[in-house]
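So the structure is just underneath, and the comments pick up after that.
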Amino acid sequence: MGIVSVIWDLDDEPDGNVQHVGEHGLTKEEVEGVLLNPHNQVDESHSSGLPVTFGWTETGRHIIVIWENVLDDPKSVYPVTAYDVPPKRS
């Protein structure tokens, strides 16, 4: 089963995940669109070891979302940050 729920901090939390993705010009909706798409590639971050998901936003940006698993049933995740990355070449 894919991700069911995405957990966000309050919009005005200074060190919260909403602020972290906003610093990269992304919205919660863009991040959720990538996380909730079961066809997107999930991997592991080389630097943090956290899970990451790559995908295209509805606005045409290719991003990586770094997240933490919060709960397995139902699958709930906490996005740590997200930012633009070039798509992998085939």
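Report the paramagnetic label zone for HIS39: residues of region 58-76 whose backbone N is under 20 Å from a point 7 Å from Cα along the Cα-to-Cβ axis. Residues 58-65 fall inside that zone.
Using modelled amide H (1.01 Å from N, peptide plane; none on Pro or chain starts), what sits under 5 Å from the amide H of LEU26, excluding residues fewer than 5 places away? It is none; the list stays empty. For region 1-71, applying the loop criterion from DSSP together with a ceiling of 16 other beta carbons within 10 Å to the GluC sites (Glu not before Pro) yields GLU23, GLU58. Dividing the helix sum by the residues of the chain, where each DSSP H run of 4 or more adds -39500 (n - 2.57), gives a mean residue ellipticity at 222 nm of -4000 deg cm²/dmol. In this Cβ point-charge picture (+1 for Lys and Arg, -1 for Asp and Glu), region 5-84 has a dipole of about 280 debye about its Cα centre. Values (1) 18, 17, 13; (2) 41, 17, 11; (3) 23, 14, 11 are given for comparison; semi-axes √(5λ) of the Cα gyration tensor in Å, derived from the coordinates here, is the one labelled (1).
Any read-out appearing in this document is the output of simple, stated calculations on the displayed coordinates, not a laboratory observation. No experiment lies behind these values; they were computed from the predicted model shown. So basically every Cβ, Gly included, is an ideal-geometry build from the backbone, and we count neighbours across all protein chains shown.
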